[in-house]
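Structure first, then comments.
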Amino acid sequence: MKSMKSSYRCCRLLILTFCIAILPQTISWDLGRKLSVLNNIAPAASAQQDQDEAQQRALLLAYRREKFEKWRDSFLTYSIPFPPEALASYNWRKELASAFEAMPQMRETRIAGPYLAGVYIADALVLPEKTTVVGDLFIIANHLVFEGPNPGIGAEAGDVNIFPIKSDNVRRIKIDPTSDSPEEQTDGVNEYLRWVFRKDSSLPTERDLPSGIDLPKNARNIRVIRNYVYFQQ
C-alpha cells in the first residue's frame, strides 16, 4: 500500500514538473504568436492609411481642377500662357515659374479699389485695408500690399481665388494727408519691394516714424518712403 502511494506521489511530481517545464515555452509561443499577428497588422494599417491619404489628395486635386475650369475664357482674355487647372497642382509655384517670368503683367504694379471682381495679375497688387469681393475673383501676384495694419477681404458673393507667388504680405500706412499720384504710389511700392525682396537696390533713406503712427508690435522691415510707412508682420 505504501509502495502504491509512493508511486502515485512520484507520478504527480513528474506531471507537475513537466507542466512547470513547458509553461514558459507555452507563454513564449503564445506571446510570439500575438506579436506576429500585431506585426502583420501594423504594416497593413499603415499601407491602408497611405492609400486613404493618396485617395483624398486625388479627390481634392480633381475638385480643384474642375473648380478652375470655368476660368478658361478669362485666362485666354488676359493672355495667361497656361490653363487655370495648372494652378490646382500642389507644386504650382515651381511648375509655373518660367511661365510667370515670361508674363509682362507680372512686372507691373496695380492699385485696386475697395470692391474686387474679375482677374488681377501683377507683380505687386495694392489693396485697400478693407476690401469686399462682389463677384468671382482670381488674383495672381508676386506680392500683395495692403493699406493699413489690419487688412481684410470680405466676400459678399463670388468664387475667391488668391495666389501670392513670392512674398509675405506687405502693409503700408499713409502718413501724409496730401493726396499723391498713382505714379508716386507705384514708385514707393517698387522701391520697398526691391529693397526687401529683390535685394537689388540700396537701403531706402531712413526717416523717423511720424508721431501718431501706431504700428503692431511684431512689425519688421519698417521704412518710411514718400507719403507712406511700409512694414511686414
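The values are calculated or read from the model by the stated rules, or taken from the named source; none is laboratory data. Computed from a predicted model, the values in this text were never measured in an experiment. Here the Cβ positions follow ideal geometry from the backbone for every residue, glycine too, while neighbour counts run over all protein chains shown.
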If you go through the range 89-100 one residue at a time, do you hit one that is outside the structural domain of residue 182 (by TED's automatic domain parsing), in a loop (DSSP other than H, G, I, E, B), among the hydrophobic types (A, V, I, L, M, F, W, C) and at pLDDT 95 or above? yes
Select the strands (runs of 3 or more DSSP E) contained entirely in the range 147-202, then report the ones holding at least 2 residues which are in contact (Cβ under 8 Å) with a residue 60 or more places away in the chain and in the same structural domain as residue 125 (by TED's automatic domain parsing). 160-164, 170-174
Among the residues of the range 217-230, is any outside any strand (DSSP E or B) and either among the acidic types (Asp, Glu) or under 28 Å from residue 100 (Cα atoms) (or both)? no
Could we say that residue 120 is modelled with pLDDT of 95 or more, hydroxyl-bearing (Ser, Thr, Tyr) and surrounded by 14 or more Cβ atoms within 10 Å (Cβ to Cβ) here? yes
